[in-house]
Amino acid sequence: MFSVAPRLSELLITDVLWDGYSPQLSIPWTQIRRYRGVFKSSQQLNILRQSANLVECSIGFDDVTTTHGNIMVVLPLLRRLCVEGSNILDHFTAPALEDLVVPTVAPSLVYFVQRSSCHLRTFVINQGSSAAGLVDLLEACPSLTHLVLSFGGLPSPELGDITPLFTALHATDSVASTVEFRSIRMSRVTADFWK
């Protein structure tokens, strides 16, 4: 349908809640710069493999535990990324990445940041994460200036729920001496780049 659309550069084919699968379309993926869609993770990886010019990407999928062997996708221009599950990050590299939104901190996230050699400046967590996991990530991201703890539709956290995080940040000399935060925010709004 859209395989010949020379000016098409943005494709937002799901809502911000990632409800249901996106429609199957014939798209000139190489020219897409902004993309949001929901497909099975194998199909998302195939789309990303064809989309080397992506600058902003928000992807959802329902098979978050599926593994895909040694598939590796390089997204050299990607600056903003929002993913529904961190495990898909095992399969791509994004050296220009600056802003990242994930549901929770997982060990694969630290490896993704290190493998990408990117300079993250904004990191958004859409659900609560362990203080230790977050500290590990912050140690891998000395360029980080903005941290958003987004609790989505969950009730507002009590001060006691986030105290371990700030205690760990204060106690970790490597984070305190390298990360220069400009802002740390708590939010009940689910963060997505295209609200």
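General observations
- The condition (being assigned by TED's automatic domain parsing to the domain that holds residue 35, at pLDDT 85 or above and among the polar types (S, T, N, Q)) is satisfied by just one residue among 93, 122, 145: 93.
- Residue check: residue 113 meets all listed conditions (1) in a helix (DSSP H, G or I); (2) modelled with pLDDT under 70; (3) aliphatic (A, V, I, L, M) but one, namely (2).
- When 54, 78, 48, 100 are checked against the criterion of being assigned to a helix (DSSP H, G or I) and buried (at least 20 other Cβ atoms within 10 Å of the Cβ), a single residue qualifies: 48.
- Output for segment 7-39, where each listed residue is at pLDDT 80 or above and assigned to a loop (DSSP other than H, G, I, E, B): 7, 8, 9, 26, 27, 28, 32, 33, 39
The values are calculated or read from the model by the stated rules, or taken from the named source; none is laboratory data. Fair warning: this is a prediction, and the values are worked out from it, not measured in the lab. Virtual Cβ from ideal backbone geometry, glycine too; neighbours counted across all protein chains shown.
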